[in-house]
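Have a look at the structure below, then the notes.
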Amino acid sequence: MEPDHHQLIQLLPLLPVLAELGRTEHMTETAEVLGVPQSTVSRAVARASAIVGADLLVRDGRGIRLTPEARTLLPYIEAALENFQAGLDRVRHESDVVRGRIGVSFQHTFGEATLPLLISAFRGRHPHAVFELWQGPRDDCLKQLAGGGMDFALTAPIAPEGKGIRSLPLYREPLRVVLHYRHALAGRTSVHLKELRHDPYVTLPAGVGLRALGETLLREAGFRPRIAFEVQESTSARGLVSAGLGFAILPPAGPGSGTGQLLPEAELGLVEVPIESDLAFRQIGIAWRERSFEPEAVRLFRELVVAEGGELLAELVRARSGTP
């Protein structure tokens, strides 16, 4: 085997690490994005430097800096990975063309009605399309998209557009404070969150979009809440609130949620009260990767969502928001 060819084979597994490091210029962030220990990134860079025969990183104060040799290599690395992704997309398309695989990552609350409405509209026109769904926190949904595991990510807040990522806002819905039905503020037409500064708080895990939105609203109200429970999804949060174990900040349940039943005999029940804040809303949107080759089913679903997504979801928005 020729020496240069042998070096190329050794370098190939290291290219994704080098490409991501070129984007972030930060060891810890690169490791988090790739889902590997930081030591793995450090070893990959050291190995690549040894194979190339030149340092690719140098220390710069407490951080790192790419060397001129690394900056020369980066465009070629990115082009190689992009071409491979295009080839992979084509192979998947050719093998999946009959069933038309479409991958969508989405946050838990969008599995109740939002995503089913979009899929139902699409399957009505393309009944043989097959959806591969991945459910999780917002940050993980976006990682699934960026890493190529999914074709779309349905999230709130909407994904920021960046290198190779496009996004579209679909609708906006209010956030409400969810209270036990016998809470002193349950009969109010609106509530300022500062009135709840002494109440226990029911929230979702870090990395979930609703967790971040709730924290923003509570900071605006001037206090840090006493977290009583941290649960994985909003249905459990509503259940804890209905038992009088705290308050939560969530979008309206509305049709399709299956929650909010009042059981006075057991002292179980909840109410949703509007929040007095201009920040009390979330913007829901869909994001996708720009690709040199886009499978037909993926393209058709994207075009339907872009052209008709807002209209398809308008009735859901009105019903959940309580607007005519």
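The values are calculated or read from the model by the stated rules, or taken from the named source; none is laboratory data. Just so you know, these numbers come straight off a predicted model, no measurement behind them. Cβ: placed from backbone, ideal geometry, glycine included. Neighbour counts: every protein chain shown. Just so you know, the surface numbers come from the protein's heavy atoms only, side chains and all, with ligands and any DNA or RNA stripped out. Shrake-Rupley method; radii C 1.70, N 1.55, O 1.52, S 1.80 Å.
Summary table below
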{"item": "Residue under evaluation Glu272, criteria (1) touching a residue at least 12 places away in the same chain (Cβ under 8 Å); (2) under 30 Å from Leu81 (Cα atoms); (3) open to solvent by 20 Å² or more (accessible area, probe 1.4 Å), criterion not met", "result": "(2)"}
{"item": "Qualifying residues in the range 99-139 (those that are of a type in the set (D, E, K, R) and crowded, with 17+ Cβ neighbours inside 10 Å) - the one farthest from Trp288 (Cα to Cα)", "result": "Glu112"}
{"item": "Complete set of residues in the range 32-59 that are outside any loop (DSSP other than H, G, I, E, B), more than 18 Å from Ala70 (Cα to Cα) and either of a type in the set (A, V, I, L, M) or within 22 Å of the chain's Cα centre (by Cα) (or both)", "result": "Glu32, Val33, Leu34"}
{"item": "Residue that is least open to solvent (accessible area, probe 1.4 Å), among those in the range 11-47 that are over 28 Å from Asp140 (Cβ atoms) and in contact with a helix residue (DSSP H, G or I) (Cβ under 8 Å, 6 or more places away or on another chain)", "result": "Leu11"}
{"item": "Candidates Leu66, Leu8 - the one that is of a type in the set (A, V, I, L, M, F, W, C), modelled with pLDDT of 80 or more and either surrounded by 14 or more Cβ atoms within 10 Å (Cβ to Cβ) or out of contact with any Leu (no Cβ under 7 Å at 6 or more places or on another chain) (or both)", "result": "Leu66"}
{"item": "Count of the range 98-155 residues which are among the basic types (Lys, Arg) and either modelled with pLDDT of 95 or more or in contact with a helix residue (DSSP H, G or I) (Cβ under 6 Å, 6 or more places away or on another chain) (or both)", "result": "1"}
